[in-house]
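Trainee: Below is one structure. I have some questions about it.
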Amino acid sequence: MTLTNWAGNTTFHAKEVHHPTSLDELRRLVAGSSSVRALGSGHSFNHVADTAGDLVVLDRMPELVEIDSAAAKVRVGARTTYARLAPLLHQAGFALANMASLPHISVAGSVATGTHGSGVTQPGLAAAVSSIDLVTADGSALTLSRGDADFAGAVVSLGALGVVTSLTLDLVPAFELRQYVREGLTQDALADFEAIMASGYSVSLFTDFRDTRVWLKREDELTSPDWYGTSPADGPPATRCPRCRPTPAPASSASPAPGTTGCRTSAPTPRPAARATSCSRSCCCPGSTRSRRCASCSRSASASARPCRSPRSARSPPTTCG
C-alpha cells in the first residue's frame, strides 16, 4: 500500500510502518532502529515526517486523557485528536485557549510542527504545552517540563528529538463563541486588514480567487449588517460536502447562537494518513452556521446536493475555523 499524507500530494518512503500498542513496545522499536520517524495524522504538506527507515504511527497506543481540574491542566496521549479532546474538556468545564482548524489532526503532531490556529491575540498551539514525554533514540523515556533548560527547544522539535508519547496542556475555563461566515470581502476592504483580523476571538480568511470568505468567531454578537462590505454566507446552512457527512440542524448565519469552543473542531470519522480527500471538510456544532462550497467542484455543499466526483486535488484545501 502506498502511504500518503492527508492531501495525497506527499508519498512516504519508509521501509516499514509500525503501530506499537504499548510504551515498552515503542521503546524497543526505537532502540532497535537505525532511523525512525513518528507520523501523526499526516496533514503536513511536505516530507517532515518521512524517512527511509522505520515510520512509527501511535494510533494503537492506549488512549490517554487525564484532566487535573485543580491545576487546570490535561495530559493527553500523542494519538489524541482535537475532535476527541474538545468535548471531554467541555464536559469538565474547561477548554483550550486555541485549537487547530481541523478536527482529525493529533495534538502531538500539531504541536511538534508549530501549528498556529488563528486569532491575533492567540499564541500557537505549542504555547499551551507545560510538559512533554518522549522516547529518545536509545529507547529511554524522557520528561521535560516548562522551566527545564531544554524544554523550549523540545516542544516544536519537528520530531527530531524523539517520539512524543504524551503532553500536558494548560487549560482555561470553558467559554462559548458565536461563529459568523461572511462572503464578499473585497480587495479594497483589505486596507483594514489588521482591524478585520482583530474583530473576533478567531478570524480566518479563505479565498478561491473569485470570492473571499471570512470565518469569524466572537464572544459577542456581530451587530453590523454589512460588516466591511460583506454579507452573510448564502445558500443553505450546510457544514460539509455531502460526500463527507450529512448536514446538521439549520441555524441562522445572520445571528448564530453561541456554541462551545469545540465548535472550532468537529468529530467526523478521522482520516488516516494513507487516504486523501476530494472535498473540503468543515465542522459542526449546535448553533453554528456554515455555508460552504465543495473545494473540488465549487458547488454549494448542501444536504440535497449530489456528491462531488472531481479528482483528488494536490493543493492544500481550504479548511474550516481555527
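The values are calculated or read from the model by the stated rules, or taken from the named source; none is laboratory data. What you are looking at is a predicted structure, and each value in this text was computed from that prediction instead of being measured. Neighbour counts run over all protein chains shown; Cβ positions are idealised from the backbone, glycine included.
Trainee: Among the residues of segment 5-45, count how many are crowded, with 18+ Cβ neighbours inside 10 Å, β-branched (Val, Ile, Thr) and under 24 Å from the mean Cα position of the chain (by Cα).
Mentor: 1
Trainee: Considering only residues that are in contact (Cβ under 8 Å) with a residue 60 or more places away in the chain, touching a His at 6+ places or on another chain (Cβ under 9 Å) and not in a loop (DSSP other than H, G, I, E, B), which ones fall in segment 107-149?
Mentor: Result: Gly109, Ser110.
Trainee: Can you work out which of the residues in segment 66-106 that are assigned to a loop (DSSP other than H, G, I, E, B) and of a type in the set (Val, Ile, Thr) is modelled with the highest pLDDT?
Mentor: The selected residue is Thr80.
Trainee: Name the strands (runs of 3 or more DSSP E) wholly within segment 1-60 that hold at least 2 residues that are without any contact (Cβ under 8 Å) to a residue 40 or more places away in the chain?
Mentor: 16-18
Trainee: Is it the case that Asp192 is of a type in the set (Asp, Glu), in contact (Cβ under 8 Å) with a residue 12 or more places away in the chain and crowded, with 16+ Cβ neighbours inside 10 Å?
Mentor: Taking the combined requirement at face value, the residue does not satisfy it.
Trainee: Say whether the condition of being touching an Asp or Glu at 6+ places or on another chain (Cβ under 8 Å) and at positive phi is met by at least one residue in segment 206-228.
Mentor: Looking for residues that are touching an Asp or Glu at 6+ places or on another chain (Cβ under 8 Å) and at positive phi, one finds at least one in segment 206-228, hence yes.
Trainee: Scan segment 155-170 and give yes if some residue there is among the charged types (D, E, K, R), without any contact (Cβ under 8 Å) to a residue 40 or more places away in the chain and either assigned to a loop (DSSP other than H, G, I, E, B) or touching a strand residue (DSSP E or B) at 6+ places or on another chain (Cβ under 8 Å) (or both), otherwise no.
Mentor: No, segment 155-170 has no match at all.
Trainee: For segment 68-79: of the residues being free of Cβ contacts under 8 Å to residues at least 60 places away in the same chain and within 15 Å of Leu167 (Cβ to Cβ), which is surrounded by the fewest Cβ atoms within 10 Å (Cβ to Cβ)?
Mentor: Ala71
Trainee: Considering only residues of segment 195-218 that are crowded, with 18+ Cβ neighbours inside 10 Å and polar (S, T, N, Q), which is farthest from Thr121 (Cα to Cα)?
Mentor: Looking at residues that are crowded, with 18+ Cβ neighbours inside 10 Å and polar (S, T, N, Q), I get Thr212.
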